[in-house]
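The values are calculated or read from the model by the stated rules, or taken from the named source; none is laboratory data. Given the structure is predicted, the values throughout are model-derived calculations rather than measurements. Ideal geometry is used to build each Cβ from the backbone, glycine not excepted, and the neighbour counts take in all protein chains shown.
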Amino acid sequence: MGKEVAGRHPDSDLAFLSHFQPIFSLAHRRAVGYEGLVRARDADGRPVTPAELFVRAPLGEARVVMDRRCRELHVRNFTAFGDARSWLFLNVDPYVAANGRRWGSFFDGMLRAHGFPAHRVAIELTESQIENEQSLDATLDYYRSLGCLIVIDDFGAGQSNFDRIWRLRPDVVKIDREMTRRVGVEPLARRMFAGIVSLLHEAGALVCVEGIETESEALCAIEANADLMQGYLFAAPTAELGPPDACRHVFTRLFAAFQAEAGEYRLRRRDLLKPYLAALDAVVVAIAVGDPYQISVRPLLALDCTQRCYLISGDGTQIGPNLEAERNASARDPRLEPMQPRGGTSWQTKPYFRRAIDAPGRIQITRPYLSVTGPRQCVTLSLAFVAEGGLRVLCADLDFTALAGEDLSFGTSAVNEV
């Protein structure tokens, strides 16, 4: 299909054009869907942005007609390509989503008229722009009843929150472009991103990272285990559909870079942690043969980034107080006194304790997290061993910022053991 197909709004001098931007599956390395995007020009051929286009349409019937004409145009043009597998992502104007039913039923009949199955339609809604919760619920129920997928767009912008995600139960959540940008340049955002994606997965949604423009942003999405990707790095919106696997070479390059980055990360982690791992092993050996714990742990506490050490019994109960490094100012902060652990404090729910108990003799290391006894970003080394006839777990909290230095990408990958 060699040219754009236009539609004209009956009450304006604007020509409407359909462009489609592919949405790629990371696992399949090919396009699995296309987002329909309206492109408009005035009578003089000047482009009119989508935002300006809908501002021109007053609220009420004109706005509803504008939105419906755009969606029908995309369905008609997409159907003409003969793609029988991919999803078609269609945006619904927030005003129309909340009020469109007042002007009668439209969507089901339109799809039937074009012979386009509803199960291949992904309806995109920007939930933070719809203030009426009841209208939003009713709109989602309607599209679900037709068999459409529900997509929450621009998550991370405006008033978006997880409470709405859990309540609305979308099939796909699209990460806002600004979050994508920040994840690519801010180490803290990058470390948090994997947790955000994981929570969205727990809510039962696929995650699409949109607005990807650089390989760095794409690698962050891969590292966070996102499912879908969209952005100019892969393809710009066009009037024609390219081959679904047109970006296979891009994914080949990205996966190669991801493997190289992971390998470099493992080497850097090993070099940074080497003295701490050796010292932790030495402490365990000394305790196991009967040397006093407080004396055995001194070389480990003397290392530059060690904040504290503590010993846990096999049932998760801390044995005695923390042993703090002299340099650890937070240990002497009176404001944090209520959070200082003592003998009897239970750590049995902590991942570093559970993983150590499950694999005695193998040192475990956490991702960076905020220590309740800090409060500073730290990583925890833990090692389970047998002493005095019972299982013990020796833990050492390391100052993450001091350990990683300027390279705060250290620790972005989930690590269970070393």
*Starting from region 341-354, keep only residues that are in the same structural domain as CYS395 (by TED's automatic domain parsing) and modelled with pLDDT of 90 or more, then list their pairs with residues that are of a type in the set (Asp, Glu) and outside any helix (DSSP H, G or I) whose Cβ atoms are within a distance under 7 Å, requiring at least 6 positions of separation or different chains.*
GLN348/ASP315
*Within region 234-270, which residues are without any contact (Cβ under 8 Å) to a residue 40 or more places away in the chain and buried (at least 18 other Cβ atoms within 10 Å of the Cβ)?*
LEU254
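Table: residues versus (1) touching a residue at least 60 places away in the same chain (Cβ under 8 Å); (2) out of contact with any Lys or Arg (no Cβ under 7 Å at 6 or more places or on another chain).
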| position | (1), (2) |
| --- | --- |
| ASP281 | yes, yes |
| ALA286 | no, yes |
| VAL289 | no, yes |
| ARG308 | yes, yes |
| SER313 | yes, no |
| ILE319 | yes, yes |
| ARG327 | no, yes |
*Output for region 165-184, where each listed residue is touching a residue at least 12 places away in the same chain (Cβ under 8 Å) and in a helix (DSSP H, G or I)*: ILE165, TRP166, LEU168, ARG177, GLU178, MET179, THR180, ARG181, VAL183, GLY184
*Of ALA282, ALA278, ALA257, ALA286, which residue is in contact with an Asp or Glu (Cβ under 7 Å, 6 or more places away or on another chain) and at pLDDT 90 or above?*
ALA257
*asked:* Any residue at all in region 37-52 that's touching a Phe, Trp or Tyr at 6+ places or on another chain (Cβ under 8 Å) and under 23 Å from ALA118 (Cα atoms)?
replied: yes
*asked:* Just to be sure before I move on: is ALA97 small (Gly, Ala, Ser), in contact with a strand residue (DSSP E or B) (Cβ under 6 Å, 6 or more places away or on another chain) and closer than 25 Å to ALA138 by Cα in the structure I sent?
replied: yes
*Output the residues belonging to region 234-286 that are more than 29 Å from the chain's Cα centre (by Cα), in the same structural domain as HIS74 (by TED's automatic domain parsing) and among the small types (Gly, Ala, Ser).*
ALA239
_Residues that are among the polar types (S, T, N, Q) and in contact (Cβ under 8 Å) with a residue 24 or more places away in the chain: list the helices (runs of 4 or more DSSP H) wholly contained in region 44-137 that include at least 2 such residues._
61-80
*asked:* Being within 21 Å of GLU133 (Cβ to Cβ) and either surrounded by fewer than 13 Cβ atoms within 10 Å (Cβ to Cβ) or in contact with a helix residue (DSSP H, G or I) (Cβ under 9 Å, 6 or more places away or on another chain) (or both) is the filter here; which residues of region 172-198 pass it?
replied: VAL173
*region 28-43: number of residues that are closer than 21 Å to ALA236 by Cα and in a loop (DSSP other than H, G, I, E, B)*: 2
*State whether one or more residues within region 209-218 are in contact with a His (Cβ under 8 Å, 6 or more places away or on another chain) and surrounded by fewer than 20 Cβ atoms within 10 Å (Cβ to Cβ).*
no
_Suppose we keep only residues that are of a type in the set (Lys, Arg) and farther than 16 Å from VAL92 by Cβ within region 56-81. Which one would you say is modelled with the lowest pLDDT?_
ARG56
*Taking into account only those residues within region 16-27 that are out of contact with any Phe, Trp or Tyr (no Cβ under 7 Å at 6 or more places or on another chain) and part of a strand (DSSP E or B), which is farthest from THR252 (Cα to Cα)?*
PHE16
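For (1) more than 22 Å from ASN91 (Cα to Cα); (2) over 14 Å from the mean Cα position of the chain (by Cα); (3) among the small types (Gly, Ala, Ser), each residue gets a yes or a no:
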residue: PHE155; (1), (2), (3): no, no, no
residue: ILE165; (1), (2), (3): no, no, no
residue: LYS174; (1), (2), (3): no, no, no
residue: GLU178; (1), (2), (3): no, no, no
residue: GLY184; (1), (2), (3): yes, no, yes
residue: LEU188; (1), (2), (3): yes, no, no
residue: ALA194; (1), (2), (3): yes, no, yes
residue: VAL197; (1), (2), (3): yes, no, no
